[in-house]
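Down below is the structure, laid out as structure tokens.
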Amino acid sequence: MNPSPLLSVEDVHLRFGGIKALGGVSLQAKAGEITAVIGPNGAGKTSLFNTISGFYKPQQGRIQLEGRDITPTKPNVRAAMGLARTFQNVALFRGMTVLDNIKLGGHNRMAANTLQAMAYWGQSQREELALREEIERDVIDFLEIDHVRHQSVASLSYGLQKRVELARALAMRPKILMLDEPVAGMNREETEDMARFILDLQEERGMTILLIEHDMGMVMDISNHVAVLNFGQLIASGTPQHVRSHPDVIEAYLGVRESQTAPGQGA
Amino acid sequence: MDWITFAEFSLIGLFSGGLLALVALGFVLIYKGTRAINFATGEFMMLGAYLVYTGHSWLKMPLWLSVVFGLAGISLVAIVVERFVLRPLAGQPVVSVLMVTIGLGAFLHGMVDAIWGGQNLEMPQMLPRKPLIWGDIMLPGAVFWSFWVALAVIAGLSLYFRYSRTGIAMRAAASDPITAYALGIDVRRTQQLTWVFAGCVGAVAGTIVASISSLSPALSGTALGVLAVVILGGLDSVAGAIIAGLLVGWLESIAVGYFGGKARDLVPYVVVLAILMVRPYGLLGTRDIERL
């Protein structure tokens, strides 16, 4: 049984001047699965994410969402098509409350702009209320951040800020959720909480998730599929067990000793 | 000088500070939205006032319609400027953008001079001139009413940014364009809207200034003085612009009262300079703002 790919990256090449960030990367995120992208620093993981979001234009290759080619599409339009993401560094709007931040995730789902909102007061009020209700139920309660909703995001702990960022992405009601290092810098308890939320999203809501992560333990625990990048190339791809024992992966992460023979036993 | 005179000068100063705050708001909007200081702010004020004048005196529109005409005209200019002058500069160093706004100012100045000429024109009367008299204190009507117009515009915009969805999106795009873009906010549109708002704020301020004194290309110089207000308040703070506007307005008026007309251009700026030595980022500005 093979679920169809919701998002597929096909032979993407990305260069900045003479620097080759991605050299022909192909990758698929299947519907309802958790796909992880791992790799050493500078391997091109974030470049890949930025290409999928539309911030970088690949020189070659294409990105497809549900079979539609979105390579020329602008980031805000991709977001409206169901591509949501979080950032490696917490990218919340400081000076706004938690709720305002999360509601911004629902921005592109609200049809009316200000002029229309004035003309159709009732409709836009209903829209606003419906969004608010849905956010309260499906996002705020789910992520257990109801106690901080009216606080300014700047006053929250790092772990909570990351959770608010996830909440904002969920408010976009995405088809695919892209998480750039969701547990970076978190302590163990926070990491476990986040891993649980990610798993719940997949299991309870069938959410498709694509994530970049350095925390190997978490990646191996929760992912259905792992892709390994090194120097802009995909060096391995498959189930966590398969990837863990792949000689190229071990080499990329640990290096090789001259005396060492291919360490195939792994596990 | 006795207390009555002091109170009178203070009130005149505070009420005229409203207009300073309004002009300052034009700077702050653009700075927050694009991280650049718009040195053409004065020209936007002037052009807005000329458009209102044109609507009223050339096209014989009623006063309210000529104001609408002026705002629509300046919005159009702002859209064109944003699209064809500023947007191609996206990603360039802030200094390039500053230089371009200076050039834009010179261009608009020349254009106004060519179309309407350099002479003083008589604006239609916008605000009641009847002075207000409270006991021994007399307040010029135009100063009093200009304050309330400025306050209404500032309050309206603040509420818009605080509560409307587009306003919140504009704030988001101003504070972190990349993230806003990834959330599906059309950052180009919010930038465009920022310029339209700044243009309209400038046009309202310019129209009021012109109707209090008279209309000539020299009107654009008003904004340069307000730059001190903006820097004092903090380049990215609307509240700072209001407080600094009132403070500088009051200082100007008190300086005139105690030291005569010539002190008007000196005393406030010495005080601003002194404050900036202690708080280089302005009263309410963010600490890491760009230095000029």
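Throughout, read-outs are computed from the coordinates displayed, never taken from laboratory work. Everything quoted here is computed from the prediction, not taken from an experiment. Backbone-built Cβ (ideal geometry, glycine too); neighbour counts: all protein chains shown.
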- Over the Cα atoms of region B:114-175, compute the convex hull volume and normalise it per residue, giving Å³. 192
- Any residue on another chain or 5+ positions along whose placed amide H is under 5 Å from the amide H of A:Ile235 is listed here as A:Val228, A:Leu229, A:Asn230
- Item | Inter-chain shielding of B:182-194 (mean C-beta neighbours from other protein chains, 10 Å cut-off) | 6
- Item | Residue-wise HN-Hα coupling along region A:10-25, computed from phi with Karplus coefficients 6.51, -1.76, 1.60 (Hz; x: Gly, Pro) | 10, 6, 7, 10, 9, 10, 10, x, x, 8, 9, 7, 9, x, x, 8
- Task: Could you run the Debye sum over the Cα atoms of the protein assembly as shown, one equal point scatterer each and no solvent, and tell me log10 of I(q)/I(0) at q = 0.05, 0.06, 0.09, 0.11 Å⁻¹, two decimals?
- Result: -0.28, -0.40, -0.78, -1.02
- Message: Can you give me the distance in nm between label points at A:Gln64 and B:Arg189, each placed 7 Å from the Cα along the Cα-to-Cβ direction?
- Response: 3.0
- Item | Relative contact order %, chain A, counting alpha carbon pairs below 8 Å whose residues are six or more apart | 27
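Rounded to the nearest 500 deg cm²/dmol, what is the calculated helix-only ellipticity per residue at 222 nm for chain B, with -39500 (n - 2.57) per DSSP H run of length n ≥ 4? Before the final figure, lay out the partial values.
Details: 11 runs with 199 residues, N = 292.
Helix-only estimate at 222 nm: -23000 deg cm²/dmol.
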- Signed unit charges on C-beta, dipole axis of region B:36-157, positive-most listed residue B:Pro124, B:Val112, B:Thr101: B:Pro124
- Message: From Cα pairs below 8 angstrom and at least 6 apart in sequence, can you work out the relative contact order of region A:100-254, rounded to a whole percent?
- Response: 18
- Message: Distances longer than 25 Å among the Cα atoms of region A:139-256: what percent of all pairs is that?
- Response: 30
- Item | For region A:18-174, the Rg and Dmax computed from alpha carbons only, in angstrom | 17.8, 56
- Using only the Cα atoms of chain A, each taken as one equal point scatterer with no solvent, compute I(q) by the Debye sum, divide by I(0), and report log10 of the ratio at q = 0.09, 0.12 Å⁻¹. -0.44, -0.76
- Query: Taking a temperature of 20 °C and a viscosity of 1.002 mPa s, what whole-number D in µm²/s does Stokes-Einstein yield for chain B with Rh from Kirkwood over alpha carbon pairs?
  - Reply: 110
- On alpha-carbon atoms, Rg over Rh for region B:172-240 using Kirkwood Rh? 1.11
- Calculated FRET value between A:Glu136 and B:Tyr163, using beta carbons and R₀ = 25 Å, to 0.05: 0.85
- Query: Where the centroid of each part is defined by its Cα atoms, how far is region A:1-36 from region A:198-247 in Å?
  - Reply: 13
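Cβ neighbours within 10 Å, averaged per peptide: list B:167-177, A:5-15, A:50-60, A:145-155 in order, most packed at the top.
Working: B:167-177: 21.7, A:5-15: 19.5, A:50-60: 17.9, A:145-155: 14.7.
In decreasing order of mean packing, B:167-177, A:5-15, A:50-60, A:145-155 become B:167-177, A:5-15, A:50-60, A:145-155.
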- Note on the structure: The simple spin-label model distance between A:Asp11 and A:Asn89, using points 7 Å out along Cα→Cβ, in nm, is 3.6
- Task: At q = 0.17, 0.20 Å⁻¹, work out log10 I(q)/I(0) for region B:108-249 with the Debye formula, treating every Cα as an identical point scatterer and leaving solvent out; two decimals please.
- Result: -1.12, -1.30
- Message: Give me a comma-separated list of calculated 3J(HN,Hα) values for region B:26-37, in order, Karplus coefficients 6.51, -1.76, 1.60 applied at θ = phi - 60°, integers in Hz, x for any Gly or Pro.
- Response: x, 5, 5, 4, 5, 5, 4, x, 10, 6, 10, 8
